[in-house]
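Some notes on the structure that comes next.
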Amino acid sequence: MHWPTLRRKATIALHWAVLVLLVLLVAGGPVPLLGWAFGLCGLGMGGLALMFGLLNGPGPKLSGTLRHAHPWLSRGMYIALAWVSANTLWSLLGGDVYGPPLASLYFYLMAGVALHAISHLWRHTALMDGALRRITPASLHGML
């Protein structure tokens, strides 16, 4: 398997792992095992993006202000994920959380994730640009 394919598969796996772990942290609180997994997956995803750039793009049908805002919104999501992930790991190591408490950070990140998901659902259904195919595993493409 060559590097771009491996990078894409790693990004997809980390993306969905972060989502599941975030939902579990919101539902169950800062369980250490979940916190470690979330923090490492979140920083891993951010590390891939920082070292090799973002895999996502606005797609050919997104236009105007949304097209220009797309890369900045993506960067914002990655920064938010990295901040919450780093604070989670720092807290597990006994450090003080910077900013709001972890429970609030998880809630705020979940709100951002919800907006992120809505935008991709809109792009996939209204613009028909395949936005969901980019981030779902190939085995699920038949359902899209």
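Structure summary
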read-out	value
Single condition Leu66 does not satisfy, out of (1) among the hydrophobic types (A, V, I, L, M, F, W, C); (2) modelled with pLDDT of 90 or more; (3) open to solvent by 60 Å² or more (accessible area, probe 1.4 Å)	(2)
Residue that is nearest to Leu19 (Cα to Cα), among those in the range 97-139 that are more than 14 Å from the chain's Cα centre (by Cα) and of a type in the set (Ser, Thr, Tyr)	Ser104
Selection count where residues are assigned to a loop (DSSP other than H, G, I, E, B) and loosely packed, with under 14 Cβ neighbours inside 10 Å, scope the range 93-141	10
Some residue of the range 60-73 being under 13 Å from the mean Cα position of the chain (by Cα) and assigned to a helix (DSSP H, G or I)	yes
Any chance Leu55 is open to solvent by less than 90 Å² (accessible area, probe 1.4 Å) and assigned to a helix (DSSP H, G or I)	no
Residue match in the range 15-24 (condition: open to solvent by 60 Å² or more (accessible area, probe 1.4 Å), at pLDDT below 95 and either in a loop (DSSP other than H, G, I, E, B) or among the aliphatic types (A, V, I, L, M) (or both))	no
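The values are calculated or read from the model by the stated rules, or taken from the named source; none is laboratory data. Predicted model, so just to flag it, every value in this text is computed and none were measured. Every residue, glycine as well, gets a Cβ built from its backbone with ideal geometry; the counts of neighbours run over all protein chains shown. To get the accessible areas, we keep the full protein, side chains included, count just its heavy atoms, and leave off ligands, DNA and RNA. Shrake-Rupley method; radii C 1.70, N 1.55, O 1.52, S 1.80 Å.
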